Each structure stands twice: as C-alpha cells, then as structure tokens.
Amino acid sequence: MTQRGLTVPEATVLDACGDRALPRMGRIEQVWETNPLTESELRTQTAEAVRALDWDGVPNGGEVAVGAGSRGIANLALIVATVVETVAELGYEPFVFPAMGSHGGATAAGQREMLATLGVTSEAIGCEIRSDMDVVEVGRTADRDVPVVADANAVAADAILPVNRVKPHTDFDGPVESGLSKMLVIGMGKQRGAKIAHEWAIDWSFRNMIPEITEQLLATLPVVGGVALVEDQHDDTAIVEGVRPEGFLDRERELLELAYDSMPTLPFDDIDVLVLDEVGKNISGQGMDTNVIGRRPFAINEPEPDQPTIKRIFVRGLTDATHGNAMGIGSADFIHGDMLAEIEASTTLINAITASTIRGVRIPPAVETDRAGLVAALSTIGVVEPETVRVVRASDTMHLHRVYASEALVEEARARDDLRVVAEPMAIEFEEGQFVAPSPGV
C-alpha cells in the first residue's frame, strides 16, 4: 500500500461526517509566577554546582566524562559548556558523551547528531564529544542477577558527571523519575542498557529498579555527582544544583517534588478535542507528555494519570529535532497525513523495541488536512454544539503558556484568576483545508 493510500482525503472525511459547524476559537494565557535564571546566573550557579561535587578521588589531569542527553532542555548548550569550562578550570580533562539510551537510531552518528540539534557540538562546548554505542558490564544486581552496563568511554574515565533535568517521567511514578539517576541507569547504558532495563521493568518496575541500580553504579563507578536542573512552567531554567553521590537519590526525590509543582499543564481538565501542532522526543520521551494528556496506554504496568480527560487528540506534525522518531504517536486518535512522510520507521521502531512499548508507535488514522482532522475528531465524541464544545489547540505539550480555546472555554477562562483572555473568539479559517486563522501570532 502506498503512503498516499494511507491518508484519507478530506472530501471522504467530510462526506462521512456530514455538515458540521466548527467552534469559534480564541486565545487564552495561563498566569504563572516564575523567576527564571538569567544567563549570568546560569553560568555562576552551574560553575558552583560543579565545584560542589566530590572531586577528592580524581587525579589531577584526569579525564571527566560529562553525560548529556537528548531532551529539549532549556539552555542545555550553555550549561554543558559551563560544566566543561569549570571542570577544566579544576585541572581535569573533560569530554562529553551522549547519555541517551537508544535515541538517535541507536547509532554513534545519530546520537552525535541529536546533541548537535540541541546545540551541543564540540565547537560550542569547547571539548571533544565521544559518541560510541559500546558498553561494558560493570556488575550484576544482587537479587535478580541483572547485568548492569555503562558507556565504555565513561567507564574508562577517571570521573563521571551526568547533567540532566529532573522532571516527572511519562511512563511511571516513583521516588525518582526522569533525572540524574535515570540518566545513569538507562541513558549511560546506551541501547543495550536501556533494553535490559525496559525488559526487566515489566516484572520489576522502574520505581524499584532505578534506585537499586543507581546505588550499584555509584558504588562501582567514579561518579563525582551530577548537575541537576529544574525548569519552571515556561520551560526556563529555575534551579541548577550540584548533587553529590551520597545525596543522589534523596536530593533527587526532593527536586522531583519541586518539578511536579512547576510542571506546565493544560488549563482545563475536561477537554473534548485537543489539537497538537507538534510532537517529538525533544518535547517528551513519549512525543507528547503523558502527564499532560492524561493518557498512558502503553506504559509498563503503570496506571494512567487521573487528569485531564481528553476525548480525542489530533496531531499535526513532528518536530524537526525528533529526527523522524514518532515514539508515542499511538496516543493520538488522528494524525495529519503529512506526518507519514516525516516518520523515520527504523529510528521509531528501535526506540519502541528498546522501551518495550510497541503500541506507542501504532499509526492512528491519517487525514489529508487540518479541517478533516478537526471534523473527524468532533464527529466521534457524541452530539456537541459549536457553542459548548471544549476544544484546545496547543503548539505541543511542553509550551502551554498560551493556547487556543473554543468559545465555551474562553467564557470559562474569564471567571478564573489563573487565566487571561488575550484574543477574542473568531471563526476558524482554512486555506486548502489547512489552518490559517487564528494564526500563531494572535
């Protein structure tokens, strides 16, 4: 079957759905009180975080492996460059290695390219990047005899220093979720380590596995600590902190609580249709953050979030930075047909196999136009009127400060102190079936 044959023409969708009036859409803004770090503060606090780590056992001139991941972390290149600069000032020889599991198609070149997409290049950070998929077995877990592996370049270094954002994970809930510990266990384990972890998580669970293997890695390898980052609702850097090995799990647990408090969410818990302009690995490990959409249909033995409730999700495209990795697209109900050409099947499948979440890459029905996607979604949620239907359109699940909202939600927003109406409802306009108005600049 051709790619063209997988996309349903707009006329076919409209004929099947019948005449349907669409809601008017306005623009609302969430009122958040934030205090992001300035560039000067970022540099100062990052340098202080590095200096606060445990350097006692590292020989002068020793090599320091700095782990950097594949997520869309704010100011990542600046932070990594400052880490590298400070490590050098302390008298050591830093290099950066990709700590991203199977991302980048599980190839050395692909992982180097992922870092470059995020601004982390040798030129930008001032040191060598050693991208290699080779791992070394550094031990086995005591009770289950599970092999523990780590990046060969990192293991050979005199010190290991992961740099990562602490935030809620999309696949599980636990005392530590996405952050320094997970980077050591899964990111530093490359494709093999990530695959081992996800296979054992089916019976063991990540909430138990990650702390146990983290403790083993800290006891076995020369981890001097990590640089932990916490972002605010605008996805700006709010906290930069050096976490020493002895406080790894306890402090990360505390930082996770702060991250939950500052996590951006949709402004409504009850939504009929959510339209997302883009999804991708730089937005979330599952393309769209499961904590934001309230769906976790393919997680390993984990319940779905209690809120929000969204009846239909229509996704319009993949981010450039995801390099065709469509992990998580299975959470959508409809996708734009253009996405089919954007999906890199091999990269996506490798990620899905490694994570044991094959259902996450099932392809939803693809429609030819934005109008077809919106009409199809509205036509499958029961009897609704354009004046009362609850529709939200956002750029992605990370950037939720301003979103489009249907007329009913705009009226609801007027009565809330945490929301502000910034553009009055207007008719949706299309050009050849694609969204034209309201435009992103409204």
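The values are calculated or read from the model by the stated rules, or taken from the named source; none is laboratory data. All values reported here derive from a predicted model rather than from experimental measurement. Virtual Cβ from ideal backbone geometry, glycine too; neighbours counted across all protein chains shown. When the accessible area is computed, the model is the full protein with side chains, heavy atoms only, and any ligands, DNA or RNA have been set aside. Shrake-Rupley method; radii C 1.70, N 1.55, O 1.52, S 1.80 Å.
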### Message
Restricting to segment 187-200, and then to whatever is within 20 Å of the chain's Cα centre (by Cα) and open to solvent by 10 Å² or more (accessible area, probe 1.4 Å), can you tell me which residue is modelled with the highest pLDDT?
### Response
Gln191
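Arg27 - would you say it is among the charged types (D, E, K, R), in contact (Cβ under 8 Å) with a residue 60 or more places away in the chain, open to solvent by 10 Å² or more (accessible area, probe 1.4 Å) and part of a loop (DSSP other than H, G, I, E, B)?
Judged against the criteria, Arg27 is not a match.
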### Query
Which one is modelled with the lowest pLDDT, of the residues in segment 295-341 that are open to solvent by less than 60 Å² (accessible area, probe 1.4 Å), over 20 Å from Arg359 (Cβ atoms) and of a type in the set (Gly, Ala, Ser)?
Ala321
## Note on the structure
Here the residues within segment 49-108 that are at pLDDT 95 or above and hydroxyl-bearing (Ser, Thr, Tyr) are Thr82, Thr86, Tyr92
## Note on the structure
Of Arg414, Arg390, the only residue that is under 20 Å from Ser379 (Cα atoms), open to solvent by 10 Å² or more (accessible area, probe 1.4 Å), among the basic types (Lys, Arg) and modelled with pLDDT of 95 or more is Arg390
### Message
With open to solvent by 50 Å² or more (accessible area, probe 1.4 Å) and either at pLDDT below 95 or not basic (Lys, Arg) (or both) as the only criterion, which of Thr7, Thr46, Thr12 stands out?
### Response
Thr12
### Task
Being among the charged types (D, E, K, R) and touching an Asp or Glu at 6+ places or on another chain (Cβ under 8 Å) narrows it down to one of Glu424, Glu411, Glu387, so name that one.
Glu387
#### Entry: Hits in segment 257-268 - residues which are open to solvent by 10 Å² or more (accessible area, probe 1.4 Å) and outside any loop (DSSP other than H, G, I, E, B)
Glu257, Leu258, Tyr260, Asp261
### Summary
Within segment 82-112, the count of residues that are more than 11 Å from Ser131 (Cβ to Cβ), small (Gly, Ala, Ser) and surrounded by fewer than 24 Cβ atoms within 10 Å (Cβ to Cβ) comes to 4
### Query
Quick one: would you say Ile79 is more than 28 Å from Lys195 (Cβ to Cβ), under 22 Å from the mean Cα position of the chain (by Cα) and open to solvent by less than 30 Å² (accessible area, probe 1.4 Å)?
yes
### Task
Report yes if Ile73 is among the aliphatic types (A, V, I, L, M), part of a loop (DSSP other than H, G, I, E, B) and closer than 20 Å to Val243 by Cβ, otherwise no.
yes
### Message
I'd like to check something: does segment 86-94 contain any residue that is in contact with a Pro (Cβ under 9 Å, 6 or more places away or on another chain), without any contact (Cβ under 8 Å) to a residue 60 or more places away in the chain and of a type in the set (A, V, I, L, M, F, W, C)?
### Response
yes
### Query
Among the residues of segment 201-210, is any open to solvent by 40 Å² or more (accessible area, probe 1.4 Å), touching a residue at least 24 places away in the same chain (Cβ under 8 Å), more than 26 Å from Met398 (Cα to Cα) and among the hydrophobic types (A, V, I, L, M, F, W, C)?
yes
### Task
Mind listing whichever residues of segment 363-386 are among the acidic types (Asp, Glu), surrounded by fewer than 16 Cβ atoms within 10 Å (Cβ to Cβ) and more than 14 Å from Pro23 (Cα to Cα)?
none
### Task
Return the only residue of Asp270, Asp235 being on the phi > 0 side of the Ramachandran plot and touching a residue at least 60 places away in the same chain (Cβ under 8 Å).
Asp235
### Message
For segment 117-131, give me each residue that is open to solvent by less than 60 Å² (accessible area, probe 1.4 Å), touching a strand residue (DSSP E or B) at 6+ places or on another chain (Cβ under 7 Å) and not small (Gly, Ala, Ser).
### Response
Val120, Ile125, Cys127, Ile129, Arg130
### Message
With the structure loaded, tell me whether Gly280 is at pLDDT 90 or above, touching a His at 6+ places or on another chain (Cβ under 9 Å) and buried (at least 23 other Cβ atoms within 10 Å of the Cβ) or whether it fails that test.
### Response
yes
